[in-house]
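This report refers to the structure that appears directly beneath it.
Every number in this text was worked out from the coordinates using simple rules, so none of it is lab data. Please read these numbers as outputs of a predicted model, since none were measured by experiment.
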Amino acid sequence: MTLPPTPPEASPRPGPSHGVPPRLVPQAGPAAWTGSALTPADWMLPVGAEVAAELAGGGPDAAAAPLLAALMRQVAERLEHGLGFCLLRGLNLDRLADPDSSLLTLGGLLGTPLPQDGAGTLVGRLAGPGASATAPARFHADPADATALLCLQQPREGGTVTLVSAPALHNALLKADRASLTLLHRDWPHGDLAAPALLPVFSTASGAFVGRYDRDSMVAAALDPAQEAALAVLDAAAAAPGQALSIPLHTGDLLFHNPHLVWKRVSAASEAGVPEDPALADRQLLRLWLATPGSRDLPESFRQVFRETAAGVPRGGIAAGPAMVGG
């Protein structure tokens, strides 16, 4: 893996994580994966006809949809104690009267749906994600314990969702650049320059690993050269061959991931060969953010984003009124 030069030591910034050097240890377990080591059998869960029928019937709870509830228990286990992501394949959108309601039904079996804007929108609709972005798409973590993406339409060409393991990136930097990793365990300014929220990129809470990367919400003007260099090292590690996993979503695919363990990046369809109707070239996605009852503790500094940090409690999303940090 070719990384940028090691940044010079940063001058200390105020914040609770400074003054106590982080304990840098390797992260173990199935969540510390690399994309090149995985096959679809590792992360795909087929949706059988009986399960799909329960969803089409609109089963509102575990009693009305026992097979669906059992499937979502598998999803919950994989998100918190497995790879940190999984993909459900086999949903027939033609049998769903309302994909938004079906996504909320599935989400309700996994956790509590969270608002994605100040108006309280629970299901976000993303048309051709990345198509209008002026800056390169970066990996990032949503302000939730779980994110679900339902593909309503796949593009004619291109268009992928790429995932990367935060614990595996931590391990890569532990081997290649401990100085940068040390900086990434310290506080980083997010949100408002006048009163920034101070959040680490890598941390632990009650012994559990937590990763959070949201470059767009970082206060660029408050970053020193050493911090900028550390972020470049992180981005280069994520871009190393074999590190991440790109998944082309097909119509009806439902991708779940745990943002504390897995960061995502979306890219738009290729401009080549775009049909006369531009809408046919775009991937159409529905997005759901969830707080899950089996979630892990979060560092106290994350209260500035999630409002609560204890394991298993409703937390995250976007509060009504002014936007929270992240998202």
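Rg and Dmax over the alpha-carbon atoms of the range 136-246 stand at 15.2, 46 Å.
The phi torsions of the range 205-213, fed into the Karplus equation with coefficients 6.51, -1.76 and 1.60 and a -60° offset, translate into couplings of 9, 6, x, 9, 5, 9, x, 9, 10 Hz, rounded to whole numbers, with Gly and Pro shown as x.
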